[in-house]
Structure formats: C-alpha cells, structure tokens
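Have a look at the structure below before the remarks.
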Amino acid sequence: MMDKKPHIKPYLYGMLAGFGAIALSIIFFFLIYRFDGFGSAISTLTGILMPFIYGAVIAYLLKPVCNTIEAFLRRFIPEKMKGLINALSVTFTILFGLLLVYALFMMIVPQLITSVTTLYYTAQRNLAKFVQWANHVEFFEQNTQIMDLLNSTYDTVSTSIDTLVKTKLLPSMQNILSGALSGAALGVLNVVVVLKNLVIGIIVAVYMLASRKRFVQQAKMVLYSLVKPRWASLITEELKYADRMFGGFINGKILDSAIIGLLCYIGCLIFKFPSALLVSVIIGVTNVIPFFGPFIGAIPATLLILIQNPIKALWFVLFVLVLQQLDGNIIGPKILGNTTGLSSFWVLFAILLFGGLWGFAGMIVGVPLFAVIYDVIKKLVIHGLRRNEELDMLNTYHDNFGDPADDAPAQPAAPQPTENQ
C-alpha cells in the first residue's frame, strides 16, 4: 500500500536552510554597519576575560613542562596516588615558571640599566664632540644659519635623550627590579589592572594545569554529543593537529630565540661590541617573529652600536648576518624542522595579515594559525575532489608541484558505507 502522506522532511530542511541563510545575512550586515559597536563589545569582553586569557597562555606554555614532570614522578610514586602526582607536578611547574621569570629579570634588568646608562653618556659625549668639531670647520663657521640650526638641534636632541633616559627608561627598569612598575610610565590604575590580571591568570593557570585532562575529556564528550561520530573524529584530529602546530612552533621558536640571544651575547663579548646584553636581548626577542624578526631586531641594535662606535656597527652587521645564516640553516631546522609545512609566500602572507590585525602577538601566532587554516582548506579540497571523482587532478598537482615532504598522492578511497548500512 502506497504512503499517500506527503513527505515534509525536504520542505522542512529547505525552510530551515532558508531561515539560516537569512539570519546569517542579517548578522553579516549588522556587523558591517555596526562594526564600531561590535568592536567595542569585543574589547569589553576581552578586558573582562583577560585574566583567563593570561592563564590559558601561561598554562599552554607550561603544559610540556608539567607533562614531563608528571611522567618523571610516575616512576617513583604509585599509580593509585595519582592525585598527589598531579598536585606535585602542577606545583613544581608553577615554581619552575616563576623561578625562570625571576632569574631572567634578576640577570637581565640590572645589566640593561647599566647598558642604557652607558649608552646615554656615550651619546651625549659623541654629540658634544660632533658639535665641537663642527664649530671649528670653516664651512660651518661662515654659515651662521647652519651653525644656529646645528646648535639648536643639538640642544633638542640632548634634552630629549636626557628626558627619555632619566624620566622613563631608568625609573621603569629600577621599579621593575624592585617589583613595582612605574606609575608615571603606565599609570597607577593600569599597573594595578595588569598586576591583578596577572595574579588571577597564574591562579587560573594552576586550575587549568591541574584539570587539563578533565577539560579535554569534557570537551570531547560535548563534541560527540553535538555532531555525528565521523565528524567528531575529524574535528578531534584537526584540533590535535592545531595543538601540535601551535605547541611545536611557539615553544620551538622560543627555544630557538633563546639560543640565538645567548650566542649573540657570547659573540658580542668576544668581539667587544658595546651594550652587549641590551643588543642580545633585542636580537633574541625579535627573533621570535618569523621571517621579519632578524631584520626588525638588527636595525635598532645596529643603531645602538652606531651611536657608540660606528666601525664596530659595521662588524656587528656582518656578525648578525652570519648568526642568522646559522639560525636559518642549522639551528632553526634542527629545532623546528618543517613544523608548519607552509611555503615562504604563505609565511609572509600570514605575518603581514595577522601582524596587521593583532600587532606583535599576531606576527608570532599568525604562522601556526594560518597553517591550521591551510590544512583545513587542503582537507576540504581533497574531500571535494574525492566526492566528485577528480582525484587525478590532485595526483597531477602533486607530481608537478608537490614537495617531497608533503602527503603522498591521493588514491581513490573505498566506497563509504551509507548511514543505513
């Protein structure tokens, strides 16, 4: 007997699809015409959640340390005392992070103060020598306008350097060393907010590290409750890939930059470059930025040395070029390998895009983030080619342009069973 009742499922799906398209269009146009208000709302929400953002970043960076300590403790403590193992591993991890930051501050900040002070007096002395030399040059002596301009420029530059060093740089460094940031530099209220966010962030990081496995399992249960197992597995694999990408790239880049900063400091001591520690900190910190980092760091570092000794500035440029070649061809590949799998073009694109959106932080996270987006798009393209039975195009592309380290040419997949089977 034939079912004479109309099948409403196609109409229901069509109605829901149309409603969804209209709703998304309204939201899209609302965001365009109310972008300022939307941006303000996002900024407010980000400000409220900033302690959790700090905590998440701290916990993510310390997660490998926590896992290592936990694996070490499991060798000596019985498995039935896993609560004690987790508590000890989190405690030791937080102590390790705090001691590391404290040691870096105690080693770097005092010497930075010395370097800035030396740079200040050297710049003042060199400027005075230049003006004194210019006053005895016949060409300048015969042109009173040039002499007046030179003297006024000297007074302005000298006053600016004096104000910058004495009222901002040195007080800020000294207050950082003593544990309190300068209210004149940042504002008392901003300092209190930053310190509050940082303290709460450390507490949040403790909770996240202690409950990291529970959070992962909870997220997995939520995911499998919302989507079908096949899609949940795909999303889980992509999240694992993103974790490997971000963890491997950021932690590896930090380690690589620390090594480069240390080698730069040793080289500056050997070749007796002025302001060795200050220059090495600049080179090490900016080296975290892919592609542009060496150039961004080399310019101010060279200027610092140029003020004190122009001849050594030229030698420093050559030294940085050799150091960056060492990093790019030996140290970097050994630590990072081909972590992202992106070509130089897409690395450049990611740095410019996310650097323009999020500044310095965007330059750091932009490359692994774009690598994840690139991987998702690549998998969607392969899925679409397989669905349309056009895998020959992928094989042809791989033969012509594929990297030897890339995925092997795709083979036609076996027929997937339907949901009713």
Q.
Residue under question is Leu24, and the condition is that it be part of a helix (DSSP H, G or I), open to solvent by less than 70 Å² (accessible area, probe 1.4 Å), at negative phi and modelled with pLDDT under 90; does it hold?
A. no
Q.
Only one of Ala371, Ala350, Ala301 is modelled with pLDDT of 85 or more, open to solvent by less than 30 Å² (accessible area, probe 1.4 Å) and touching a Gly at 6+ places or on another chain (Cβ under 6 Å). Can you tell me which?
A. Ala350
Q | Subset of the stretch 44-93 (residues that are over 19 Å from Ser211 (Cα atoms) and open to solvent by 80 Å² or more (accessible area, probe 1.4 Å)) | A | Thr44, Leu45, Ile48, Arg75, Phe76
Q. Given the residues Val372, Val347, Val367, which is the only one that is hydrophobic (A, V, I, L, M, F, W, C) and more than 27 Å from Leu263 (Cβ to Cβ)?
A. Val372
Q: Run Ile289 past the list (1) farther than 16 Å from Thr122 by Cβ; (2) open to solvent by 10 Å² or more (accessible area, probe 1.4 Å); (3) part of a loop (DSSP other than H, G, I, E, B) and report the number of the one that doesn't hold.
A: (2)
Q. Among the listed residues Gly359, Gly355, Gly328, which satisfies the condition of being surrounded by fewer than 20 Cβ atoms within 10 Å (Cβ to Cβ) and on the phi > 0 side of the Ramachandran plot?
A. Gly359
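Please count how many residues of the stretch 217-246 are aliphatic (A, V, I, L, M) and either surrounded by 13 or more Cβ atoms within 10 Å (Cβ to Cβ) or in a loop (DSSP other than H, G, I, E, B) (or both).
The number of residues fulfilling the criteria is 8.
Considering only residues that are within 22 Å of Val376 (Cβ to Cβ) and in contact with a helix residue (DSSP H, G or I) (Cβ under 9 Å, 6 or more places away or on another chain), which ones fall in the stretch 209-230?
Here is the first cut: in the stretch 209-230, the residues within 22 Å of Val376 (Cβ to Cβ) are 216, 219-220, 222-224, 226-230.
Answer for the stretch 209-230, where residues must be within 22 Å of Val376 (Cβ to Cβ) and in contact with a helix residue (DSSP H, G or I) (Cβ under 9 Å, 6 or more places away or on another chain): Ala219, Lys220, Leu223, Tyr224, Leu226, Val227.
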Q | Failed item, numbered, when Phe319 is tested on (1) of a type outside the set (Gly, Ala, Ser); (2) under 25 Å from the mean Cα position of the chain (by Cα); (3) at pLDDT 85 or above; (4) open to solvent by less than 50 Å² (accessible area, probe 1.4 Å) | A | (2)
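Out of the residues in the stretch 264-275 that are open to solvent by less than 20 Å² (accessible area, probe 1.4 Å) and at pLDDT 85 or above, which is nearest to Ala313 (Cα to Cα)?
We begin by selecting, within the stretch 264-275, every residue open to solvent by less than 20 Å² (accessible area, probe 1.4 Å); these are 264, 267-268, 273, 275.
Now drop any that are not at pLDDT 85 or above, which leaves 264, 267-268, 273.
On the way: Cys264: 14, Gly267: 13, Cys268: 11, Phe273: 8 Å.
Top of the filtered list is Phe273.
The values are calculated or read from the model by the stated rules, or taken from the named source; none is laboratory data. Here the structure is a predicted model, which means the values were calculated and not measured. Counting neighbours? That spans all protein chains shown, and the Cβs are built from the backbone with ideal geometry, glycine included. Just the protein is used for accessible areas: all its heavy atoms, side chains included, with ligands, DNA and RNA removed. Shrake-Rupley method; radii C 1.70, N 1.55, O 1.52, S 1.80 Å.
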